[in-house]
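Taking it in order: structure first as C-alpha cells, then the write-up.
Each value in this text was obtained by applying a stated rule to the coordinates, not by laboratory testing. Bear in mind that the values here come from a model prediction, so they are computed numbers and not experimental data. No Cβ is skipped: glycine too gets one built from the backbone with ideal geometry, and neighbour counts run over all protein chains shown.
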Amino acid sequence: MPKAPEDCETMVEVREGVDALDRELVALLATRFGYMRAAARIKQSRDAVRDEARKASVIAAAVAEAGAHGIPADVVADIWERLVEGSIAYEFGEWDRIRD
C-alpha cells in the first residue's frame, strides 16, 4: 500500500502512489465504460446516445466536486469534457455493434 501524499518523503514514494492510483483510476474507468455498454443496450434509439443536457450536467457535477476537494476546476472540466466525449463515442460504437 503506497503512502498517503502528505506522508511521502521521496520521489520513489510519490511515484509509487501515483502508479497505484493510476491503476485504480483505470479500473474505475473500466466500470464507467461498462455503464456505457449498458446504456447502449438499454437505449432504443441511436439518437438518444448523445444527450447534451446530460453531458453538461455530468461536467458541472465534476467541476463542483473538484471545487469541494480544492483541486483545479478548469483542469477537471477539460478532463471530463474528454471523458464524456470519449464515452459517447464508445456508446455509439457499442450501440451499432449490438444492433448489427
- Query: If the Cβ limit is 9 Å and pairs must be 6+ apart or interchain, which residue in the stretch 5-29 that is farther than 23 Å from residue 86 by Cα and without any contact (Cβ under 8 Å) to a residue 40 or more places away in the chain pairs with which residue that is among the charged types (D, E, K, R) and surrounded by 10 or more Cβ atoms within 10 Å (Cβ to Cβ)?
  - Reply: 7/13; 8/16; 9/3; 13/3; 14/3; 16/3; 17/3
- Restricting attention to the stretch 77-100, report how many residues are exposed (fewer than 12 other Cβ atoms within 10 Å of the Cβ) and either under 17 Å from residue 33 (Cβ atoms) or hydroxyl-bearing (Ser, Thr, Tyr) (or both). 3
- Quick one: in the stretch 29-62, which of the residues that are more than 16 Å from residue 90 (Cα to Cα) and among the hydrophobic types (A, V, I, L, M, F, W, C) is surrounded by the fewest Cβ atoms within 10 Å (Cβ to Cβ)? 53
- Item | Matching residues, the stretch 39-66, being within 12 Å of residue 77 (Cβ to Cβ) and of a type in the set (Asp, Glu) | 65
- Message: With the structure loaded, tell me whether residue 74 is more than 20 Å from residue 25 (Cβ to Cβ), surrounded by fewer than 16 Cβ atoms within 10 Å (Cβ to Cβ) and of a type in the set (D, E, K, R) or whether it fails that test.
- Response: no
- Matching residues, the stretch 56-72, being out of contact with any Phe, Trp or Tyr (no Cβ under 9 Å at 6 or more places or on another chain) and either of a type in the set (S, T, N, Q) or touching a residue at least 12 places away in the same chain (Cβ under 8 Å) (or both): 57
- Note on the structure: Over the stretch 57-76, the set of residues under 14 Å from the mean Cα position of the chain (by Cα) and of a type in the set (A, V, I, L, M) is 58, 59, 60, 61, 62, 63, 66, 75, 76
